[in-house]
Each structure stands twice: as C-alpha cells, then as structure tokens.
Amino acid sequence: VPLLFEQARINLVNASGDLALIALHFLKDEILLYQNLGKRLKDYHPDLMPLVDNALASVKSYGKWLEENKASMTAPAGIGKENYNWYLKNVQLVPYTWDELMPSLEREYEQAIAALKLEENKNRRLPPVEQISSNEEYHEKWLEAEEYMKNFVQENEIYTVPEYIEHYNPGTWWNTPDKGHDRDFFEQCRDRNMLAEVVHNYLGHYLDGLRHARDDHPIRGEHRLYAIVMVRSEGVAYGMEELMRLAGMYEEDPRGLENHYAMKAFRVARGLADLKIHNHEFDLMESIQYCYDKTPNEWMLIDGFEGWYEMQTSLRFTGWHMGFNLGKIQLFKLIKDGAEVKGEDFVLSDFLDEFFASGMIPFSLIRWEITGLDDEIDKLW
C-alpha cells in the first residue's frame, strides 16, 4: 500500500481535481478499513500489525498530500465526447454515439416524470403508504417480494425461472443501530415498496450471475476484461423493472407505481449526468447538484451517499449510469426485433429464454445471433 501511494505521487501529472475531491471525500472510509483490519488481526496475527499500521499511516499521509496539491490539479475528469464514443464502439460494442444517446435519455426522463404525476393524481385519494419501521419487517417484506416476483414470472410465462435460484441477501435495514443515518434515495424507496429493487437485484443481477456461473461455454462463460458486458448486465437488471411493470406486477399495489417512476427518474437523471460530465458540461459537484435537482420528492440527500457514490462511479467507471439506461433500451428493442422477425411464431418466454441462454455478451452480439439482423454489427466493424 505505501508503494502504491508513492507511485501515485509520481504518476499524478496533469491530474483531475474532481478525482482528488473524490479521494478526499472517501478518505475516512479508507482509514476505517485499515483500522477495522487492525482490530481483526491483532489477536490472531499480531506479526502483521506493523504492516497494517504502516498502510494506515500511508493512507493518511497521501490524503494530506492530496489536500496540499489539489489546487494544482485542474484537468477535467470527464474523458470527452470523442473518447466516450470510441469507448462505446470499441469496448462496449454499442452502435450508438453520445449525440444519439442524449435525446433518448431526455425523452426517458420526461416520460418518467409525466407518468409519476399521472400516478400521483390517480392515487390522490388513497391513504398514505405505510413505511417499514424495523429490520425484521424489512427482511419479511423482502422475502415476500422475492416469492411474489418468482411466482409472478412463472404464472405469467414471461421466462423460465430456474430451480437453483435461492434467496438473495438484501442486507440490513437502513436504520438499525449500527447503520442509523438519514434516509437517502433508495432507502426512501425501499421503505415504501420493495418490488422494483427486488426485481432489479433478485431477478436481475442475482439470477443473471447464477446463470453465468453455470455457463460452460469456453468464451462467453468466462469473465471478460474491461467490463465489456456492463451495458448487458446493468441493462437486464434495470430492464426487468420496466418489463415486470408492463407485465402487471403492480396490479395489486397501485402505489408501487409511484415508486417505480420515481426510481426511473433517478436512474435516468444519473445517466444524463454521466453524459454531461464526460462532455465537460459538468464538474463533479455540478453533477451531484443536477441529480439532486432532477430527483423526485427531494428523496436524494444533497450531500449523502447516493450522490457522491453514483457520480464518482460515473468518473471512475465511464458510462456506467448511461449504460443501464441504454441497456434497457436495447433489451426492449431486441424484443421488438424478435417479434418482427419471428412473426406469429414469436413466444415471449421462448424468446427471453433464448436471450438468457446467449450468455453474458453485449446486446449487439446477442441481437445478431438470435435474430440474424446485422445492421448494428455493420456499425461496429
């Protein structure tokens, strides 16, 4: 660890002030990491304590160095539109450019807000939502939502839910004694309705990961470098939220739709901020403010975890927030294309099963493989 920080002092030439701000903001968490590591090691591996202490000291020293030098770090953190387009085409295998994605996400945001206001108006005479009040209730509702969604997918023949799926670990409720803090955006949502996040994590990322772990193909069954399946992975998790909404998962819970559209608006706002920060329209703090301004109900804390975490992700993992919005769009385009190609032979569950069986590869390749359409591929090669 000390060697890494020594090298950083040499490497950080023409550095970004925004990335320095991020490092300083999360410095306390890094310090806590090594402090906790020391507590766990001191009884069983006391011989390692000098190394832990040395690492902790180097973290603090590096933070001090960053503080003293951040004023000279003036380079933008965003990579610029030209590099962004190169990354989309050559790494993510996405047949779209920054200029094509921006209006698409703007329309998505407008639709989310309009739909939210319509739902709020429709539900205006319903009683207020009863919010979760304990960790026990949190876990009970999460498990209920898992079972409901698994049965919903099977009963409506949307796709095959494999028998090997087990329960997903949702963690602990936000206000337990060891975690108590102000509610940020997703905590506000979970306290009101679990379904969207259960779909995203349980039927999305978790089930996707289980399928991938069982994929024995020598190439597509492996984990790829440079996260080239980010759009595919995040797009499926987010796309499941919209897919299940359209399939009717909120028919027994009309207030849940309000939550769904608020979450959609928040996700799209982060995607727009991602595009703007890499086009040098925003710096880090402007992107956080933008997400706060665009988030319904003031559920995002202006200086809370979500804003800082999500926007540092945009800078450290190019295209992440744009990616799950784009992935959802590509998923729905794929379903549309499949329906057009197969005509009367199109069966939703068969098509989605074929999609999942294609493995963890970019949408453009899956679309080419299962529909035969090569117009997107022609844009890439």
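The values are calculated or read from the model by the stated rules, or taken from the named source; none is laboratory data. As the structure is a computational prediction, the values presented were derived from the model and not from experiment. Because the Cβ atoms are built from the backbone with ideal geometry, glycine has one as well, and the counts that use them run over all protein chains shown. Calculation scope for accessible area: heavy atoms of the full protein, side chains included, ligands and nucleic acids excluded. Shrake-Rupley method; radii C 1.70, N 1.55, O 1.52, S 1.80 Å.
Some values worked out for this structure:
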quantity	calculated
Condition broken by Ile288, with the remaining ones in (1) under 21 Å from the mean Cα position of the chain (by Cα); (2) modelled with pLDDT of 95 or more; (3) of a type in the set (A, V, I, L, M, F, W, C); (4) farther than 19 Å from Gly78 by Cβ satisfied	(4)
Any chance Glu310 is of a type in the set (D, E, K, R) and exposed (fewer than 15 other Cβ atoms within 10 Å of the Cβ)	no
Only listed residue being over 30 Å from Val1 (Cα atoms), among the aliphatic types (A, V, I, L, M) and either at pLDDT 95 or above or touching a His at 6+ places or on another chain (Cβ under 8 Å) (or both), chosen from Leu66, Leu88, Leu56	Leu88
Matching residues in the stretch 62-81 - criterion: being surrounded by 13 or more Cβ atoms within 10 Å (Cβ to Cβ) and among the hydroxyl-bearing types (Ser, Thr, Tyr)	Tyr62
Count - residues of the stretch 352-367 that are surrounded by fewer than 20 Cβ atoms within 10 Å (Cβ to Cβ) and either closer than 27 Å to Leu275 by Cα or in contact with a Pro (Cβ under 9 Å, 6 or more places away or on another chain) (or both)	2
Any hit, the stretch 2-14, residues being open to solvent by 80 Å² or more (accessible area, probe 1.4 Å) and in contact with a strand residue (DSSP E or B) (Cβ under 6 Å, 6 or more places away or on another chain)	yes
Residue in the stretch 153-173 that is in a helix (DSSP H, G or I) and open to solvent by 40 Å² or more (accessible area, probe 1.4 Å) present	yes
Any hit, the stretch 333-351, residues being in a loop (DSSP other than H, G, I, E, B), at negative phi and open to solvent by 10 Å² or more (accessible area, probe 1.4 Å)	yes
Pairs where the first residue, in the stretch 113-135, is under 12 Å from His260 (Cβ atoms) and touching a residue at least 12 places away in the same chain (Cβ under 8 Å) and the second is of a type in the set (Ser, Thr, Tyr) and surrounded by 11 or more Cβ atoms within 10 Å (Cβ to Cβ), C-beta under 7 Å, 6+ apart	Ala115/Tyr261; Leu116/Tyr261; Glu119/Tyr261
Which listed residue, of Asp53, Asp43, is of a type in the set (Asp, Glu) and not in a helix (DSSP H, G or I)	Asp43
Tabulated pairs, the stretch 321-334, first within 19 Å of Phe266 (Cβ to Cβ) and β-branched (Val, Ile, Thr), second open to solvent by 10 Å² or more (accessible area, probe 1.4 Å) and part of a helix (DSSP H, G or I), C-beta under 8 angstrom, 6+ apart or interchain	Ile329/Ser104; Ile329/Glu108
Enumerated helices (runs of 4 or more DSSP H) restricted to the stretch 190-286, each holding at least 2 residues that are buried (at least 24 other Cβ atoms within 10 Å of the Cβ)	195-198, 230-247, 256-278
The stretch 368-381, residues that are part of a helix (DSSP H, G or I), of a type in the set (D, E, K, R) and surrounded by fewer than 18 Cβ atoms within 10 Å (Cβ to Cβ)	Glu369, Asp375, Asp378, Lys379
Some residue of the stretch 205-212 being modelled with pLDDT of 95 or more and more than 16 Å from Ala357 (Cα to Cα)	no
Leu21 vs. criteria touching a helix residue (DSSP H, G or I) at 6+ places or on another chain (Cβ under 9 Å) and either modelled with pLDDT of 95 or more or part of a helix (DSSP H, G or I) (or both)	yes
Criterion violated by Pro95 - all others in (1) touching a strand residue (DSSP E or B) at 6+ places or on another chain (Cβ under 9 Å); (2) surrounded by 13 or more Cβ atoms within 10 Å (Cβ to Cβ) satisfied	(1)
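Residue-wise test of (1) hydrophobic (A, V, I, L, M, F, W, C); (2) touching a helix residue (DSSP H, G or I) at 6+ places or on another chain (Cβ under 6 Å); (3) in contact (Cβ under 8 Å) with a residue 24 or more places away in the chain.
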| site | (1), (2), (3) |
| --- | --- |
| Leu51 | yes, no, no |
| Ser61 | no, no, yes |
| Glu67 | no, no, yes |
| Pro76 | no, no, yes |
| Glu82 | no, no, no |
| Pro95 | no, yes, yes |
| Ser104 | no, no, yes |
| Arg107 | no, no, no |
